[in-house]
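Heads up: the structure comes next, in structure tokens.
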Amino acid sequence: MTTYNIAIDGPAGAGKSTIAKMAAKKLGFIYVDTGAMYRAMALYILRQGIDRGDEEAVGRACKDMDISLRYENGVQQVWLNGEDVSGLIRTEEVSQTTSAISVYAPVRQKLLQLQQELARTNNVIMDGRDIGTCVLPHAQTKIYLTASSHVRAVRRFKELEEKGQMCNLEEIEQDIIERDYRDMHREIAPLKQAEDAVLIDSSHMAIDQVSDAIIKAAGERGLEDRG
Ligand code: DC
């Protein structure tokens with residue numbers, strides 16, 4: 001059976017994971033958060049004290065990492081060398097390290113096959129930076145989800161505030177801008193909108209409006225006709 005694949009790409013904080021999770025639940029698809037896989041690799045680099053700027057050392061370390069995904073009640077867990085690291089990968093330090101090491105070929109190579117295999121064997125909504133352009137170029141539906149850097153920073157600020165963490169809105173926006181720049185300008189698999197992707201700007205949209213727009217786009221691209 002051919003699986004149905006929905007690829008969602010876009011910059012940090014555009015709401016990809018929240019929305020993809022919601023749409024996956026409605027459709028009965030598996031949600032694959034590829035950023036979490038890159039983040040687990042970054043955690044390993046940090047733990048080993050490897051310089052993130054040292055491409056050779058990072059490349060060598062890739063051979064010592066075993067990354068896998070598991071699902072518990074439909075919720076994705078990311079495992080690194082036999083340990084569930086899902087709760088350890090959302091810090092600012094991990095975010096910046098992830099963006100820095102994901103420019104290297106061995107890092108990307110490590111995850112490409114795993115991601116393609118997941119999509120070959122499951123109906124998936126997969127989010128990341130290069131899903132529609134590189135990982136799943138034949139995905140039936142591709143979405144490019146974005147929002148202004150200011151809106152994305154405010155969302156992140158509120159999230160951190162709710163967790164009781166002190167933060168500065170300007171610094172958050174600056175970090176987002178830096179990360180976007182690096183993700184969009186790297187040589188291998190940069191973040192960009194695939195030619196056949198539907199552009200959604202979520203700056204002034206509610207979460208369920210975006211999720212509905214994605215499901216509608218998939219409906220227009222053969223999802224309904226599959227029986
Ligand atoms: O989606 P996220 O914020 O969890 O992603 C963290 C970083 O991982 C992001 O800055 C770039 C990198 N990434 C990538 O290069 N390719 C992907 N498919 C997903 C994430």
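Quick note: the coordinates plus some simple rules give every number you see, no bench work behind them. As the structure is a computational prediction, the values presented were derived from the model and not from experiment. Heads up, the Cβs are rebuilt from the backbone with ideal geometry, glycines too, and the neighbour counts pull from every protein chain shown.
Between THR121 and LEU88, the contour length at 0.36 nm per residue exceeds the alpha carbon distance by 9.1 nm. Based on alpha-carbon atoms, the Kirkwood radius and the radius of gyration of the chain give Rg/Rh equal to 0.95. Size check on region 32-110: the Cα extents along the three principal axes, sorted descending, read 39, 24, 19 Å. Note on the chain: helix-only mean residue ellipticity at 222 nm, from DSSP H runs of 4+ residues weighted -39500 (n - 2.57) and normalised by residue number, equals -15000 deg cm²/dmol.
Compared with the direct C-alpha span, the chain from CYS167 to ALA57 gains 36.3 nm at full extension, assuming 0.36 nm per residue.
The length gained by stretching the chain between HIS138 and VAL154 to full extension, at 0.36 nm per residue less their Cα-Cα distance, is 2.3 nm. Whole-percent P(r), region 10-49, all Cα pairs, 10 Å bins from 0: 27, 39, 25, 8, 0.
Taking a span of 15 Å or more along the helix axis (Cα atoms) and a mean Kyte-Doolittle hydropathy of at least -1.0 as the rule, the DSSP H helices of the chain that qualify are 16-27, 34-47, 105-121, 207-220. Counting only aspartates and glutamates at least 8 places from LYS110 when in the same chain, those with an alpha carbon closer than 16 Å to its own are ASP33, GLU55, GLU56, ASP64, ASP66, ASP130. Given +1 at the Cβ of Lys and Arg, -1 at the Cβ of Asp and Glu and no other charges, the dipole of region 75-227 around its Cα centre is 380 debye to the nearest 20. Summarising the label geometry, the points placed 7 Å from Cα in the beta-carbon direction at TRP79 and ARG182 lie 2.9 nm from one another. Rounded to the nearest 5, the antiparallel percentage of DSSP beta bridges internal to the chain is 30%.
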